[in-house]
């Protein structure tokens with residue numbers, strides 16, 4: 001289930017992509033298969049990284065992927081990469097878990113090359129707020145969500161680093177009602193209604209029928225479970241006047 005739209009990342013052959021907080025590897029593996037790029041997927045959870053490796057292994061064994069993939073454990077607040085290491089950074093459904101999310105954004109800015117692309121996604125405010133209202137357990141579990149972002153809050157935090165937002169969209173509208181049901185029936189995880197809805201979502205992901213694709217596209221602006229923002233970091237040339245002004249101040 002891809003949240004970030006690869007078409008908006010402006011990927012070119014040979015570029016280096018960081019999937020920060022890669023989890024079980026959905027974006028990292030997808031980009032390895034579809035683009036001639038070097039993908040680095042890192043996460044603080046060793047178990048998730050191990051799962052990502054297991055999921056990538058069949059593709060590596062059975063076919064020749066378009067790109068290359070390296071997975072590892074790393075702290076997003078102290079990334080083991082040099083300044084200006086990546087052409088593209090993805091951080092999908094991660095920042096809502098992080099206490100010092102601005103510190104992580106600063107690390108993204110540090111490792112992203114000038115004129116590089118940064119894509120960030122978090123749960124959209126209204127669908128997430130409903131989940132919190134329906135169930136405390138939803139967000140109070142270990143490693144759960146510790147905040148609900150408003151779009152302008154996240155966008156402002158990234159633009160404060162000098163990045164320019166050039167695109168936005170919402171995603172996964174069909175998943176929002178599932179999570180509302182899951183929260184409402186938190187103590188009944190084997191509910192037949194919940195199982196049937198989950199089966200519908202799996203079928204939709206695997207088959208991608210035209211009807212549900214159109215329906216989700218129509219519903220995303222209102223019910224989209226995630227908000228995705230795309231930014232470009234200032235180029236080296238655009239930074240020179242600011243640096244010169246600072247030097248003479």
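In the set (1) in contact with a helix residue (DSSP H, G or I) (Cβ under 8 Å, 6 or more places away or on another chain); (2) farther than 15 Å from residue 127 by Cβ; (3) touching a residue at least 24 places away in the same chain (Cβ under 8 Å), the condition left unmet by residue 215 is number (1).
Looking at the structure I just gave you, is residue 142 over 19 Å from the mean Cα position of the chain (by Cα), under 21 Å from residue 44 (Cβ atoms) and either part of a helix (DSSP H, G or I) or free of Cβ contacts under 8 Å to residues at least 12 places away in the same chain (or both)? Yes, satisfied. Taking the stretch 148-210 as the region of interest, the helices (runs of 4 or more DSSP H) fully inside it that hold 1 or more residues being out of contact with any helix residue (DSSP H, G or I) (no Cβ under 7 Å at 6 or more places or on another chain), over 22 Å from residue 134 (Cα atoms) and in contact (Cβ under 8 Å) with a residue 40 or more places away in the chain are 151-159, 192-207.
Evaluate the stretch 94-102: report whether one residue or more is in contact with a strand residue (DSSP E or B) (Cβ under 8 Å, 6 or more places away or on another chain), surrounded by fewer than 17 Cβ atoms within 10 Å (Cβ to Cβ) and under 19 Å from residue 227 (Cα atoms). The answer is no; no qualifying residue exists. Within the stretch 110-124, which residues are surrounded by 19 or more Cβ atoms within 10 Å (Cβ to Cβ) and assigned to a helix (DSSP H, G or I)? Selection gives 111 alone. Only one of these conditions is not met by residue 111: (1) in contact with a helix residue (DSSP H, G or I) (Cβ under 6 Å, 6 or more places away or on another chain); (2) closer than 30 Å to residue 237 by Cβ. Which number is it? Among (1) in contact with a helix residue (DSSP H, G or I) (Cβ under 6 Å, 6 or more places away or on another chain); (2) closer than 30 Å to residue 237 by Cβ, the lone unmet condition for residue 111 is (1). Would you call residue 81 crowded, with 18+ Cβ neighbours inside 10 Å and either assigned to a loop (DSSP other than H, G, I, E, B) or at pLDDT below 95 (or both)? For residue 81, the condition - crowded, with 18+ Cβ neighbours inside 10 Å and either assigned to a loop (DSSP other than H, G, I, E, B) or at pLDDT below 95 (or both) - is not met. If you go through the stretch 12-23, how many residues are surrounded by fewer than 20 Cβ atoms within 10 Å (Cβ to Cβ), in contact with a strand residue (DSSP E or B) (Cβ under 9 Å, 6 or more places away or on another chain), at negative phi and in a loop (DSSP other than H, G, I, E, B)? Going through the stretch 12-23 one residue at a time, the tally reaches 1. Just one of the listed residues (57, 52) is without any contact (Cβ under 8 Å) to a residue 40 or more places away in the chain, buried (at least 16 other Cβ atoms within 10 Å of the Cβ), more than 13 Å from the chain's Cα centre (by Cα) and not in a loop (DSSP other than H, G, I, E, B), and it is 52.
The values are calculated or read from the model by the stated rules, or taken from the named source; none is laboratory data. This is a predicted model, so every value here is computed, not measured. For neighbour counting, all protein chains shown are included, and Cβ atoms are generated from backbone atoms with ideal geometry for every residue, glycine included.
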